[in-house]
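So the structure is just underneath, and the comments pick up after that.
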Amino acid sequence: MTTTSTDHRIAPDAAGSGGLRLDGVTLTLGDGDSAVTALDHVGLGVAPGEFVAVVGPSGSGKSSLLAVAGGLQQPTSGTVHIAGTELTALSDKERTAARRRHIGFVFQQSNLLASLTVREQLLLPLHIDGRLGAAARTRADELIEAVGLTHRAGSRPHQLSGGERQRVGLARALMTSPAVLLVDEPTSALDRVRSAEAVQLIAEQTHERGTATIMVTHDTAIMDAADRVHEMVDGRLS
């Protein structure tokens, strides 16, 4: 069931020690008269296995929310906790390691490497992390099956449809068993049917694998798959 909260500070303790929690997060971009408040005292908790959608128009702060939640950008004030770790207290090097181990990103464009097969796309993150072994290969095959692409495991991106590339991106994001999954406009390049399928797949994988998932989108027609829906306006969640 989808619900919308009107509280400015939304369930900051819901994530406990295993999910995602933002407390009083403010992000100011620029200086002086040109300064813009991209995020305004945002509080949000997402529990393991919970799928939260954040909707809002372009420029409302949705991308900034993902950037701060994923440790790609430090907030001006406030804290971000992931899997019991205060992300905002880490050094740049430590934050990079935390992103690699605990956070999965699904971008608007799949950003697949043209020279790699579907299976190789999934194995690459663990190869970079020095954890490429038999268990990783088994997990890659399981995820490829979970997203319905076993018959495409040896295909390269140019041989895949837009929907198939998006599914590869989701499977790749799940390869490290992330505590948090951050999804940015996953249906922007898909038609209505493929959009619904992609979002339903994200919801299923969130619940089955116990990730704390935030999806930002401007498409209000695909929100029914989410456990909770919030609207972002001028950097505030409502």
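Counting just the residues of segment 142-156 that are part of a helix (DSSP H, G or I) and at pLDDT 95 or above, which one comes out surrounded by the most Cβ atoms within 10 Å (Cβ to Cβ)? The selected residue is Arg152. Checked across segment 49-62, the condition of being without any contact (Cβ under 8 Å) to a residue 60 or more places away in the chain and of a type in the set (A, V, I, L, M, F, W, C) holds for no residue. Pairing each residue of segment 136-155 that is free of Cβ contacts under 8 Å to residues at least 40 places away in the same chain and among the β-branched types (Val, Ile, Thr) with any residue that is surrounded by 14 or more Cβ atoms within 10 Å (Cβ to Cβ) and in a loop (DSSP other than H, G, I, E, B), provided the two are 6+ apart or on different chains, yields C-beta distances under 6 Å for Ile144/Ala153. Identify, by number, the condition in (1) within 18 Å of the chain's Cα centre (by Cα); (2) on the phi < 0 side of the Ramachandran plot; (3) modelled with pLDDT under 95 that Val68 doesn't meet. Status for Val68: all satisfied but (3). Is it the case that Leu170 is outside any helix (DSSP H, G or I) and surrounded by 15 or more Cβ atoms within 10 Å (Cβ to Cβ)? In short, no. The number of residues in segment 42-91 being of a type in the set (Gly, Ala, Ser), out of contact with any helix residue (DSSP H, G or I) (no Cβ under 7 Å at 6 or more places or on another chain) and not in a helix (DSSP H, G or I) comes to 11. Scanning segment 212-238 for residues being within 25 Å of His81 (Cα to Cα), modelled with pLDDT under 95 and polar (S, T, N, Q) gives a total of 2. Within segment 173-189, does at least one residue satisfy the condition of being without any contact (Cβ under 8 Å) to a residue 60 or more places away in the chain, among the polar types (S, T, N, Q) and crowded, with 17+ Cβ neighbours inside 10 Å? Yes, segment 173-189 contains at least one residue that is without any contact (Cβ under 8 Å) to a residue 60 or more places away in the chain, among the polar types (S, T, N, Q) and crowded, with 17+ Cβ neighbours inside 10 Å. Based on this model, can you work out whether Arg194 counts as closer than 12 Å to Val106 by Cα and part of a helix (DSSP H, G or I)? No; evaluated as a whole, the condition is false for this residue. Only one of Ala97, Ala134, Ala53 is aliphatic (A, V, I, L, M) and surrounded by 16 or more Cβ atoms within 10 Å (Cβ to Cβ). Can you tell me which? From the options Ala97, Ala134, Ala53, the qualifying one is Ala53. Among the criteria (1) touching a residue at least 24 places away in the same chain (Cβ under 8 Å); (2) over 16 Å from the mean Cα position of the chain (by Cα); (3) over 30 Å from Gly154 (Cα atoms), the one Leu126 does not fulfil is (3).
The values are calculated or read from the model by the stated rules, or taken from the named source; none is laboratory data. What you see is a predicted model; the values in this text were computed from it and never measured. Cβ: placed from backbone, ideal geometry, glycine included. Neighbour counts: every protein chain shown.
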